[in-house]
1. Could you pull out the residue among Ala282, Ala294, Ala266 that is out of contact with any Phe, Trp or Tyr (no Cβ under 7 Å at 6 or more places or on another chain) and in contact (Cβ under 8 Å) with a residue 60 or more places away in the chain?
2. From the list Glu387, Glu382, pick out the single residue that is open to solvent by 30 Å² or more (accessible area, probe 1.4 Å) and without any contact (Cβ under 8 Å) to a residue 40 or more places away in the chain.
3. Scan (1) of a type in the set (S, T, N, Q); (2) under 14 Å from Met592 (Cα atoms); (3) surrounded by fewer than 16 Cβ atoms within 10 Å (Cβ to Cβ) for the single condition Thr439 breaks and write down its number.
4. Tally up the residues in segment 560-577 that are of a type in the set (S, T, N, Q) and without any contact (Cβ under 8 Å) to a residue 40 or more places away in the chain, please.
5. Please work out if Gly604 is in a loop (DSSP other than H, G, I, E, B) and more than 24 Å from Val412 (Cα to Cα).
6. Check Asp624 against each of (1) open to solvent by less than 60 Å² (accessible area, probe 1.4 Å); (2) modelled with pLDDT of 95 or more; (3) over 18 Å from Ser491 (Cα atoms); (4) acidic (Asp, Glu) and name the one condition it does not meet.
7. Go over the candidates Tyr269, Tyr254 one by one and state the one that is open to solvent by 20 Å² or more (accessible area, probe 1.4 Å), hydroxyl-bearing (Ser, Thr, Tyr) and either touching an Asp or Glu at 6+ places or on another chain (Cβ under 7 Å) or at pLDDT below 95 (or both).
Amino acid sequence: MDFRISADDRVGNQPVRGSKPRSQPRASKGQRVEPSMGQSVGVFVDDERSGGAPSSPGGRSPKPPKPPRRGKTQPARSKKPRRSRGGGFLMGLLWWGFVACLWGGIAVIGVIVYYGAQLPAAGTWAIPDRAPNIRILAADGSLISNRGKTGGEAVTYRELPYYVPAAIIASEDRRFMSHFGVDPIGLLSVAIESVQARGVTRGASTITQQVAKNLFLTPDQTLGRKVQEAILSIWLEQTYTKEEILELYMNRVYFGAGATGIEAAAQTYFGVSARNLSLGQAAMLAGILPAPSAYNPKTNPERAIERQRLSLNAMARDGFITPEEAAAAQIDPSQTVRTRVAGSEDYVADWVESLMTAYIGDIKSDVVVQTTIDFKMQKDAEFIVKEMVASEGPKRGFTQGALVAMDVDGTVRAMVGGVDYQASQYNRAVTAKRQPGSTFKPFVYMAAMEKGYTPDTLAEDAQFDYNGWSPRNASGKYAGTVTLRQGLAYSLNTIAARLAIDVTPAAVIDVATRMGISSQLTAVPSIALGTQEVNLLELTSAYAPFANGGMGVIPNVITKISDKEGKVLYEASDAGPGRVVAPNILAEMNDMLETAVEVGTGKGANLGGWEFGGKTGTSQNARDALFVGYTAAMVTGVWLGNDNDTKTTLSGGNVPVAIWSQFMTKAHAGKQIAKIPGGSYEGQLVGQQVIDPASGQTVTQYVDAGTGQTVQTTTDPTTGALLRYDPATGQYVPATAISGGGSTNQPIQTGQMTDPSTGMPVQSQPIDPNTGWPAAANNNGGGYLVDANGNQIDPATGLVVGQVVGGNQVVQGQNVDPVTGYPLQGQSNGFDQAPIDPSTGMPMMLVVDPATNQQVWVPSAPAQMQQQQQVQQPQQIQPPIGLGETAPIQNERSQRTLMDIIFGNQQN
């Protein structure tokens, strides 16, 4: 069977998709078909085996195809698909890059949204308040120091020289004025540098980012924190101007050495305000910022100089200054950087800062504190203490010193807490408590004077044993029978110990506390030798009553505190403890303390032309050496020793006295010489409460303590000051002004005797000098006084009759111990109404001290007191060991000379 296969039936004869099919010529019978280039053939069939090619329909024979040219090929259609595959790769790469960017952008947005959602709501974002600054000024308004968490006040952008912010921009963020909070160019630059260096070379945070970090975020180096930093930076740029952002940065960035903010840095390193920085100083501060601890001029001056050079070059590069200006402002590497050295005034600043909460509570905004410090005196004190420690310390084995100087009213004028504040901030004048040694003895002797002894009372300087305690003199020598004046002047331990046992340690503590010692004291006999620790500030203030006429003081260093707008938050007042020592006791104490510096252990002190008193002190093994001395103008205390409490070869009478003399000589320059107040009550007004017979109310009237007579007073309607009637002129004058001269002591209480129910002045009445009460002040017709509640009052004591005091019932006419308030038992000296003044032999008068609301006995004839003492025979102390009969001292000066022979140059 013969099969014919049509050309259309061949497998390879399919038209190309997408192209017009071409008609193929039919082969004649017996002719071979040649495939052409670019045309596929599905199945090839040999014509000879199949009987030749079939003819086309219709019987026509197709034209034979042209033979292909030799050496030439038909254009290959397969090239186009190859070109299509190359273009597809690039398009695919772009496609997948776009997809990756899209998904990357979505991921970045997701990260931003995620970490942004952890921030508080944007509506609540606000710049937190800057930590308040305490600006502390001296009495003349000069700056002592800034205190607080920042160490300096905030300054505005426009207060600063133009080159201060320029230095920071050039050093920290040169594109600060143009970027939107984040600097993409800077980020790319840092990335390239880091890749080339195979490590992070520098930070890429802008100033705005640093502000955001400092204000709102923690310093953690995490992805979340960096994202939040960028978000907040953009918000800051949208909310604040560039100047405001830069001002925030300069006031809150840390510059090292405890200084936060440009003002604190300028004061800390150069001792000037940021408003007065030089170009070189501004560049050095800008150079500190990348690493404040490593680049600041105090710890590493060489690196600071190099950083300054880089900052100046950057400023010149960016056009802020010229290259010539940059070169002129640079510090030669061979030169020393001049930085501010912390002085002794910083001890004062620390003390003031510690008082702020007690004065005004929590500080919420910047405050200005006006102090009492005299800056010249402060620097004089610092220089003298430093020089003496440097020159005498190596020879005598001590390394530290402290000094406190105050006016006689307690106003602190200078305070040195140590020789080098920069090396040690420990305040040895306020914080340190050390044994005062013999500087405590005046309180023992004052207790004895109040008991009735006098400076001429005799006592035995000899060893004794009291319940196992056997005090000894530092010199190991004993003088036998001496006066109390000599005992204090030569600092005899045995005499002070006898007195403390006699008057009781509790009485000594009472006197010390009343005079101004605030430290906790224990009532033991050894308190007489100054074995219990106190600080120099309270010890110095406790001597002030000896200098001011007997008035207690509270050491004061702050006069006024106000906010930046000038609103006064605190202002010092003149209020104080009032009188703490009677004038006659004061005269005796000043007599003895003047002797101590004339011929005793303090005789090395000198103050040309001024009358002064004082007392030396040396603790056991000479671990502490002190001297406290005073004039009518000032009180100063000096301490020397070692922080580790090791022994020295000091004594209170050598180096401490020398420091005191040098400082007081400078401090008194130009002051008018005045005498220490004596022991007269003349002109001293004493306020006392009496019963107004018209109203039955308790009112206050004033008497002259020297005469016991009522003084007519009134009040100045404009100032509220107390005025007294001067009979010599017929005019009202200030209560302290006495016609013809006299005392200038302040009145114990100010005010006017008025009827509380009517507000009108009450008619003054004669005062009974024995009782201190009006001679006929009875309002019940029965001849006795009553109080506002109708209780009968004993005119001799001021107590309610029938009241039980100290287990005893008060009866009319019974005397009361003014110290304890207990009725006096078994006392009868021929006077039934008042106790006897031991120094005058006359009855004392009872008055009320309004400062304490307690009644006190005062001498009725103080003007004659000194004459009485001159003729009075010396007394003897009996307990704890009886002394033999001794003859009165006829020549006091010769006795002192004998003491000099016995004790030599002892300066205890």
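1. Ala266
2. Result of the check over Glu387, Glu382: Glu387.
3. Of everything listed in (1) of a type in the set (S, T, N, Q); (2) under 14 Å from Met592 (Cα atoms); (3) surrounded by fewer than 16 Cβ atoms within 10 Å (Cβ to Cβ), Thr439 misses just condition (3).
4. Counting residues in segment 560-577 that are of a type in the set (S, T, N, Q) and without any contact (Cβ under 8 Å) to a residue 40 or more places away in the chain gives 1.
5. It is true that Gly604 is in a loop (DSSP other than H, G, I, E, B) and more than 24 Å from Val412 (Cα to Cα).
6. Among (1) open to solvent by less than 60 Å² (accessible area, probe 1.4 Å); (2) modelled with pLDDT of 95 or more; (3) over 18 Å from Ser491 (Cα atoms); (4) acidic (Asp, Glu), the lone unmet condition for Asp624 is (3).
7. Tyr254
Let's see how each residue does on (1) among the β-branched types (Val, Ile, Thr); (2) closer than 18 Å to Leu626 by Cβ:
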{"site": "Gly476", "(1), (2)": "no, no"}
{"site": "Val482", "(1), (2)": "yes, no"}
{"site": "Leu521", "(1), (2)": "no, yes"}
{"site": "Leu537", "(1), (2)": "no, yes"}
{"site": "Met551", "(1), (2)": "no, no"}
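The values are calculated or read from the model by the stated rules, or taken from the named source; none is laboratory data. Remember, predicted model here, so these are calculated numbers, not experimental data. Methodologically, a virtual Cβ is constructed for each residue, glycine included, from the backbone with ideal geometry; neighbour enumeration extends over all protein chains shown. Side chains are part of the model used for accessible areas, which takes the heavy atoms of the whole protein and leaves out ligands, DNA and RNA. Shrake-Rupley method; radii C 1.70, N 1.55, O 1.52, S 1.80 Å.
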